[in-house]
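J.: This is the structure, below, for whatever I ask next.
The values are calculated or read from the model by the stated rules, or taken from the named source; none is laboratory data. All values derive from a computational prediction rather than experimental measurement. Every residue, glycine as well, gets a Cβ built from its backbone with ideal geometry; the counts of neighbours run over all protein chains shown. Side chains are part of the model used for accessible areas, which takes the heavy atoms of the whole protein and leaves out ligands, DNA and RNA. Shrake-Rupley method; radii C 1.70, N 1.55, O 1.52, S 1.80 Å.
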Amino acid sequence: FSGGPITRFDSWLESFESIVDESGWSNEKIIQMLRAKFTDRAFSVIQAILKENPDDYAAIKESLLDHFHGDENADLYLKKFNKAKRKPGEKIVDYAHRLQEIFKRAYPMGYG
């Protein structure tokens, strides 16, 4: 994960954690692997976070989510959801997936 605008951190983290869940790694190994998967700007961010919370994965995860998505809120995504239109030539499945991603962020508790 580079911290760039193309890949959302929460989506990337979901993928990372699905691998971790099956790995049987220790907390220390999970943090080590997380750090190893960061590049560019994101690497600088995790280095700073690890100085404060070197051994607490939950705190590291929360800090990273706050850093990469702290300025987002449900109102922002609700407006985005209500304004969403199907793009010319966009497949209906792609449009539905895009709406689902926006909805998931607008209503995080009701998503399921």
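J.: At a threshold of 8 angstrom on Cα-Cα distance, excluding pairs fewer than six apart, so keeping six or more, what relative contact order does the chain reach in percent? Let's see the in-between values first.
T.: Numbers: 73 pairs, mean separation 25.7, N = 112.
Once normalised by length, the contact order is 23 percent.
J.: Shifting gears a bit: Could you check which residue among 42, 58, 84 shows the biggest mean-square fluctuation in a GNM of the chain with a 10 Å Cα cutoff?
T.: 84
J.: A follow-up question, please. Give me the count of lysine pairs in the stretch 18-101 whose alpha carbons sit under 19 angstrom apart, restricted to pairs 8 or more positions apart or on different chains.
T.: Values: 29/37; 29/51; 29/61; 37/51; 37/61; 51/61; 79/87; 83/91.
Count of close lysine pairs: 8.
J.: Quote the charge dipole size of the chain about the Cα centre in Debye, to the nearest 20; the model charges only the Cβ of Lys and Arg (+1) and of Asp and Glu (-1). Kindly include the intermediate steps, with their values, before the conclusion.
T.: Details: 17 positive and 18 negative charges, 164 e Å.
Using only the charged Cβ atoms, the result is roughly 780 debye.
J.: Tell me, what is a quarter of the convex hull surface for the C-alpha atoms of the stretch 9-68, in nm² with one decimal? Intermediate values should be presented prior to the final figure.
T.: Values: hull surface 14.6 nm².
Over all viewing directions, the stretch 9-68 projects a mean Cα-hull area of 3.6 nm².
J.: At a 1.4 Å probe radius, carbon and sulfur cover how many percent of the accessible area of the chain?
T.: On the way: 4200 of 7810 Å².
Reported share for carbon and sulfur atoms: 54 percent.
J.: Let me ask another. Can you give the accessible area per residue of the stretch 9-68, in Å², using a 1.4 Å probe? It would help to have the intermediate numbers written out before the result.
T.: Working: 3760 Å² over 60 residues.
Using a 1.4 Å probe on heavy atoms only, each residue of the stretch 9-68 averages 63 Å².
J.: Would you calculate, for the chain, the mean residue ellipticity at 222 nm contributed by helices, counting each DSSP H stretch of 4 or more residues as -39,500 (n - 2.57) and dividing by all residues, to the nearest 500? Provide the component values of the computation, followed by the final result.
T.: Working: 6 runs with 76 residues, N = 112.
One gets -21500 deg cm²/dmol as the mean residue ellipticity at 222 nm.
J.: For the chain, what is the convex hull (Cα atoms) projected area averaged across all directions, in square nanometres?
T.: Hull-based average projected area comes out at 8.5 nm².
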